[in-house]
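*Asks:* Quick one: the structure is below, and I'll ask about it shortly.
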Amino acid sequence: MEEITPKKFILNAGLFTGLVSVVFGIMLYSLDAHYENGTASQVISVIIQISGIIWGAYEFKKANSGFISLSETLKIGTGVSLILALISIMYLYILTNIIEPGFYDISLEIAYNSAIENNPDSLGGMNLNEYMESAKPFVWLAYPVVLIFTLFLGFMESLLIGLVIKKEQH
């Protein structure tokens, strides 16, 4: 009898979740809403991620005669999140370097205007050009932040899911 491992389920759910996430990102881009980092888009992104983890875990559980351990759920959730993060980073790279090379300039300008509007003293009197020059060297941090945050969130989500759906053989 063949042993069932989480690998296939991680790959299937991770690729599908990444694809759905990219489609959502393209939808935001086509609506010119990709600069808005609103609560609704963040909630939808979390729902996409948690749905992929749940789907992968349930498919594994179904294939494994109804059994799944907490550690298997954590593997599936973290694996799905890793694939999602890598696909999201590739999409972000393509968006910011090919589709819209001025993405970070516009994002920094929006951040500057928001900071000035909310707290005029927060930037120490910097003008827009000074702000952009001081912030541009750090835009590359978006890539590791996406990776770390997606993995952390996926781990926490899969921990909660695992506590709910675990059913171990005795």
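*Asks:* Of all residues in the range 21-59 being charged (D, E, K, R) and closer than 19 Å to Ala111 by Cβ, which is surrounded by the most Cβ atoms within 10 Å (Cβ to Cβ)?
*Replies:* Glu36
For (1) in contact with a Phe, Trp or Tyr (Cβ under 9 Å, 6 or more places away or on another chain); (2) over 22 Å from Val164 (Cα atoms); (3) of a type in the set (Asp, Glu), each residue gets a yes or a no:
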{"site": "Phe16", "(1), (2), (3)": "yes, yes, no"}
{"site": "Val20", "(1), (2), (3)": "no, yes, no"}
{"site": "Ala33", "(1), (2), (3)": "no, yes, no"}
{"site": "Val43", "(1), (2), (3)": "no, no, no"}
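*Asks:* Let me ask something additional. Pairs under 6 Å by beta carbon, first residue free of Cβ contacts under 8 Å to residues at least 60 places away in the same chain in the range 129-150, partner surrounded by 11 or more Cβ atoms within 10 Å (Cβ to Cβ) and part of a helix (DSSP H, G or I), six or more apart or different chains?
*Replies:* Pairs found: Tyr131/Tyr112; Met132/Leu108; Ala135/Leu108; Val139/Tyr104; Tyr143/Ile89.
*Asks:* Filter the range 81-91 down to the residues that are in contact with a helix residue (DSSP H, G or I) (Cβ under 7 Å, 6 or more places away or on another chain) and either surrounded by fewer than 16 Cβ atoms within 10 Å (Cβ to Cβ) or among the β-branched types (Val, Ile, Thr) (or both), then identify the one that is nearest to Leu141 (Cα to Cα).
*Replies:* Per the criteria, the residue is Ile89.
*Asks:* Still on this structure, please answer the following. Of the conditions (1) more than 23 Å from Ile54 (Cα to Cα); (2) of a type in the set (S, T, N, Q); (3) at pLDDT 90 or above, Ser114 clears all except one; give me its number.
*Replies:* (3)
*Asks:* If you scan the range 38-65, which residues turn out to be in contact with a strand residue (DSSP E or B) (Cβ under 9 Å, 6 or more places away or on another chain) and either modelled with pLDDT under 95 or aliphatic (A, V, I, L, M) (or both)?
*Replies:* Answer for the range 38-65, where residues must be in contact with a strand residue (DSSP E or B) (Cβ under 9 Å, 6 or more places away or on another chain) and either modelled with pLDDT under 95 or aliphatic (A, V, I, L, M) (or both): just Ala57.
*Asks:* Something else: In the range 120-170, which residues are within 28 Å of Trp55 (Cα to Cα) and part of a loop (DSSP other than H, G, I, E, B)?
*Replies:* Scanning the range 120-170 gives Lys166, Glu168, Gln169, His170.
The values are calculated or read from the model by the stated rules, or taken from the named source; none is laboratory data. The structure displayed is predicted, hence computed values, not measured ones. No Cβ is skipped: glycine too gets one built from the backbone with ideal geometry, and neighbour counts run over all protein chains shown.
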